[in-house]
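Scroll down for the structure; my scribbles are underneath it.
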Amino acid sequence: MIARILGIYKKVFERKKRVQYVSAGAHRRCEVGGRAITYEVKRFKRQRSIRIHIRGHALLVTAPLRVSIKEIESAIKSNESWIDTHILRREYDKTIDPFVVAQLKKRLLEKIEERLHHFNLYYGLSYARVRVRDQKTRWGSCSSDGNLNFNIHMIGLPDDLFDYIIVHELCHLKHMDHSKDFWELVAEQMPLYQDHRHHLKSYSL
Ligand SMILES: [Zn+2]
């Protein structure tokens, strides 16, 4: 995802040579997910829609000439969870502050527990401890005594892939292997699991 955003970002600036770049606004601030975010607006003559790019802890918004700040801020707000997720992921990638890491883990754990609860209303399985870990090789794991572990890097994943990992580990509570029965159980709540599995490979741990 980050690579994709950088790709779009690069494209905008490559196009700069052809498309007349009109104005750079001053830095402004608005609130996203309860935190103040700094953003900068650059306007391009031929751009047709508002695009949001993450730049460290700030946003770069590229926009057509005639959109108001109100429209820009409403675009920022409607992408709130996407922005929040990516800024969090970047904070995690850079931080060595144990307090920040603990905060991020706590927030991620809350989301994981909420999604586990959601899917388990259907599956009705029982699990023991749920933990967030910084694992190098896998997105999640399920132990034979029913403990579920999830990778801290799930912070940056889109919701459908996030949920796929949740369902995958939940289903291991019933089938500890990747048998046909296991995948059938996954498919009951995640019919597109093969796409998600494939898509997940493009995200590095
Ligand atoms: Zn598995």
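Readers should treat all values here as calculations from the given coordinates under stated rules, not as data from a laboratory. Values in this document were obtained by computation on a predicted structure and should not be read as measured data. Every residue, glycine among them, receives a Cβ derived from its backbone with ideal geometry; neighbour counts consider all protein chains shown.
Taking 0.36 nm per residue of separation and subtracting the current Cα-Cα distance, fully stretching the chain between S49 and R66 would add 5.1 nm.
What Kirkwood hydrodynamic radius do you get for segment 42-135 when you take the inverse of the mean 1/r over all pairs of distinct Cα atoms, in Å? Present the calculation step by step, with values, prior to reporting the outcome.
Numbers: mean 1/r = 0.0616 Å⁻¹.
Here the Kirkwood hydrodynamic radius works out to 16.2 Å.
A Förster distance of 35 Å, applied to the separation of the beta-carbon atoms of Y123 and W82, puts the FRET efficiency at 0.80. Amide H to amide H, with H built 1.01 Å from N, V132 comes under 5 Å of F150, counting only residues 5 or more places away or on other chains. Number of Lys-Lys pairs in segment 60-205 with C-alpha atoms under 30 Å apart and a separation of 8 or more places or on different chains: 25. Residues M176, M154, arranged from fewest to most other Cβ atoms within 10 angstrom of their Cβ, appear as M176, M154. Along its first, second and third principal axes, ordered by size, segment 157-205 spans 26, 20, 15 Å in Cα coordinates.
Residues Y39, Y127, Y164, Y122, arranged from fewest to most other Cβ atoms within 10 angstrom of their Cβ, appear as Y122, Y127, Y39, Y164. Which value in Å does the Kirkwood hydrodynamic radius of segment 80-205 take, with 1/r averaged over all unlike C-alpha pairs and then inverted? Across segment 80-205, the inverse of the average 1/r is 15.0 Å. Within the shell defined by Cβ-Cβ distances under 15 Å, the residues around H175 carry a net charge of -3, with Lys and Arg each +1 and Asp and Glu each -1.
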